Amino acid sequence: MTVFYLASLAAVTGMSGRSIWHAYRRRASLSCMAGMMIAMTVGMMQSLAAGTVAGILFPQDLAVPTAGAVLLGVACGYLAGKPVSTMAALDGMLAGIMGGMMGAMLGVMLGGRAAAMVLFVDVLFLFIHLVLQQLIREEGGSSAAAGNPDAGASGGGTVLMHPFVFGLGLFVLAAVFLYQG
């Protein structure tokens, strides 16, 4: 089961790295508010997922998972926000602190259903990062949207981000995890 937790952590870190890279590439066209949102999302979700896994792997001591997750969240929040502005970097760092503490507490408190919770956090992470990638594309501008002022509002999204598809996905996710026997 440890391999599952480490693979989960590697996948989450890879997705966070991808978001940081995309934000860095489009930093010149990102507004301060978008940069703050990107940094806060990356810092919070990375540290929440890392803290949950660390709390499951080291349940005997809350200090180690908390410190590790907080440091990882602060680093990711800083890296995601600094290319845009210092305010965005600070926002990402603070979100990393909060997510690391909450994730470690969650991981330590879980009992026999730890794998289900890690899977839940991973799927939630995936949904949030899909929306984050759309935000980066819309705010950063793309070559297809350069000539069309309405492309960012309607043409830049994916089928997964349609409100009905997204709502159905959240409903199915909730049903699967809430009604497990």
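What the table shows:
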| quantity | calculated |
| --- | --- |
| Some residue of segment 132-145 being farther than 28 Å from residue 26 by Cα and at pLDDT below 90 | no |
| Checking residue 127 against (1) at pLDDT below 75; (2) part of a helix (DSSP H, G or I), the condition it does not meet | (1) |
| Residue in segment 50-70 that is part of a helix (DSSP H, G or I), open to solvent by 20 Å² or more (accessible area, probe 1.4 Å), within 23 Å of residue 10 (Cα to Cα) and in contact (Cβ under 8 Å) with a residue 60 or more places away in the chain present | yes |
| Flag for residue 74 being at pLDDT 95 or above and of a type in the set (A, V, I, L, M) | yes |
| Hits in segment 71-90 (condition: of a type outside the set (A, V, I, L, M) and either open to solvent by 20 Å² or more (accessible area, probe 1.4 Å) or more than 14 Å from residue 9 (Cα to Cα) (or both)) | 77, 78, 81, 82, 83, 85, 86 |
| Some residue of segment 11-29 being touching a Gly at 6+ places or on another chain (Cβ under 8 Å), open to solvent by less than 50 Å² (accessible area, probe 1.4 Å) and either in a helix (DSSP H, G or I) or in contact (Cβ under 8 Å) with a residue 12 or more places away in the chain (or both) | yes |
| Total residues in segment 71-115, condition under 13 Å from residue 20 (Cα atoms), hydrophobic (A, V, I, L, M, F, W, C) and outside any helix (DSSP H, G or I) | 1 |
| Tabulated pairs, segment 168-179, first within 15 Å of residue 122 (Cβ to Cβ), second of a type outside the set (Lys, Arg) and open to solvent by less than 80 Å² (accessible area, probe 1.4 Å), C-beta under 6 angstrom, 6+ apart or interchain | 173/123; 177/120 |
| Residue match in segment 35-42 (condition: within 23 Å of residue 136 (Cβ to Cβ), β-branched (Val, Ile, Thr) and open to solvent by 10 Å² or more (accessible area, probe 1.4 Å)) | yes |
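The values are calculated or read from the model by the stated rules, or taken from the named source; none is laboratory data. Remember, predicted model here, so these are calculated numbers, not experimental data. Counting neighbours? That spans all protein chains shown, and the Cβs are built from the backbone with ideal geometry, glycine included. Please note that ligands, DNA and RNA were not included when accessible areas were found on the heavy atoms of the full protein model with its side chains. Shrake-Rupley method; radii C 1.70, N 1.55, O 1.52, S 1.80 Å.
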